[in-house]
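Colleague: Can you read through this structure? Questions will come right after.
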Amino acid sequence: MNKSTYIPALGRREWTGIYDWVISAMTRERVWRSLVLTALHPRTGEVIVDLGAGTGSLGIMIKKHTPGVRLVAVDPDPEVRLIGERKARAAGVEIDYETAMGDAQLASVGAAGADAVTCSLVLHQCPLEAKQSILENAFRLLRPGGRLVLADYGEQPTALMRTAFLLVQMTDGFEPTEHNRRGAIPQLLLTCGFKRTKIIERVPTVTGLITIWRATKEI
Ligand SMILES: C[S@@+](CC[C@H](N)C(=O)[O-])C[C@H]1O[C@@H](n2cnc3c(N)ncnc32)[C@H](O)[C@@H]1O
């Protein structure tokens, strides 16, 4: 996989149209997205960047909760952007989209230009170097004191959760997903400069445990 290729939302391009339905049916989406929202604690006037925003479900939730934030949704896939734009119009919220990889410089947010960054269900799909470069970019985008909230498959401590996670591994590939399962995320956060990494919650789902992490770029 070269630096500008990516795995589509559900592993295969032809499945993108059913992404929202699958995530809703198989990940207890409302539970973990609400935890992300609470951990992000958005405030009016803030700039929030969603890296690998996909079909925009999290961004729409954030904007409905706090209409006064500027939400920048970044994803390399133009197909999910179209779905996200349609959903945002239907929900009556305004989201700024950028079609770009998660480690790219953004046209509309400079270094230290974001108050918060979020990234959900993206890193498990990415090779190890891409996981790191996305987290480095999150660190670069955040202002000092800014916060990062991640939601993704991490360690799967029980046999039941390891078995459940096999479905994700078969869909998105064993190589990228295995790093997450072996606990790479907290170490990568540290490597990229984040401090005070905290597990907010681990949500058991039929596709494995989804972990919510919060970390800070210290002043
Ligand atoms: C499983 S979907 C998650 C979408 C969304 N964040 C959510 O919570 O539903 C993964 C998304 O990450 C995007 N993606 C894959 N590789 C990426 C990368 N290197 N940088 C940014 N986005 C990437 C895909 O295009 C896809 O939309």
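Colleague: Would you confirm, using the coordinates I've provided, whether T197 is away from the ligand (no atom under 16 Å from the Cβ), surrounded by fewer than 21 Cβ atoms within 10 Å (Cβ to Cβ), part of a strand (DSSP E or B) and among the hydroxyl-bearing types (S, T, Y)? Break it down stepwise before answering.
Modeller: Details: away from the ligand (no atom under 16 Å from the Cβ): yes; surrounded by fewer than 21 Cβ atoms within 10 Å (Cβ to Cβ): yes; part of a strand (DSSP E or B): yes; among the hydroxyl-bearing types (S, T, Y): yes.
So T197 fits the description; yes.
Colleague: Which residue pairs have Cβ atoms closer than 6 Å, lie 6 or more positions apart in sequence or on different chains, and pair a first residue in the stretch 108-135 that is polar (S, T, N, Q) with a second residue that is near the ligand (Cβ under 9 Å from one of its atoms)?
Modeller: Close Cβ pairs satisfying both conditions: T118/D50; S120/L58; S120/A151; Q125/I7; Q125/D172; S133/D103.
Colleague: Filter the stretch 1-19 down to the residues that are aliphatic (A, V, I, L, M), closer than 26 Å to Q105 by Cα and modelled with pLDDT of 90 or more and list them by number. Let's see the steps before the verdict.
Modeller: Taking the stretch 1-19 first, the residues aliphatic (A, V, I, L, M) are 1, 7, 9-10, 18.
If we keep only those that are closer than 26 Å to Q105 by Cα as well, we get 1, 7, 9-10.
Of everything in the stretch 1-19, those that are aliphatic (A, V, I, L, M), closer than 26 Å to Q105 by Cα and modelled with pLDDT of 90 or more turn out to be I7, A9, L10.
Colleague: Quick check: anything in the stretch 154-161 within 14 Å of the ligand (Cβ to nearest atom) and surrounded by 16 or more Cβ atoms within 10 Å (Cβ to Cβ)? Lay out the reasoning, then the answer.
Modeller: Our first condition is that a residue be within 14 Å of the ligand (Cβ to nearest atom); within the stretch 154-161, this holds for none.
Scanning the stretch 154-161, I find no residue that is within 14 Å of the ligand (Cβ to nearest atom) and surrounded by 16 or more Cβ atoms within 10 Å (Cβ to Cβ), so the answer is no.
Colleague: So K63 clears everything in (1) touching a residue at least 60 places away in the same chain (Cβ under 8 Å); (2) more than 13 Å from the ligand (Cβ to nearest atom); (3) surrounded by 22 or more Cβ atoms within 10 Å (Cβ to Cβ) except one condition, right? Which one?
Modeller: (1)
Colleague: Can you name the condition, by its number, that T55 falls short on among (1) among the polar types (S, T, N, Q); (2) near the ligand (Cβ under 9 Å from one of its atoms); (3) assigned to a helix (DSSP H, G or I)?
Modeller: That leaves (3) as the condition not met.
Colleague: Of the residues that sit in the stretch 119-139 and are in a loop (DSSP other than H, G, I, E, B) and under 11 Å from the mean Cα position of the chain (by Cα), which one is farthest from A104 (Cα to Cα)?
Modeller: Step by step, filter the stretch 119-139, then rank; the result is L121.
Colleague: Another one. Within 15 Å of the ligand (Cβ to nearest atom), assigned to a loop (DSSP other than H, G, I, E, B) and not hydrophobic (A, V, I, L, M, F, W, C) - does that describe any residue in the stretch 78-100?
Modeller: no
Colleague: Scan L121, L148 and give me the residue that is within 20 Å of R214 (Cα to Cα), within 12 Å of the ligand (Cβ to nearest atom) and surrounded by 18 or more Cβ atoms within 10 Å (Cβ to Cβ).
Modeller: Values: L148 fails: within 12 Å of the ligand (Cβ to nearest atom).
The conditions single out L121.
The values are calculated or read from the model by the stated rules, or taken from the named source; none is laboratory data. A quick note: this is a predicted structure, and the numbers were derived from the prediction, not measured. Reconstructed Cβ throughout: ideal geometry from the backbone, glycine too, with neighbour counts over all protein chains shown.
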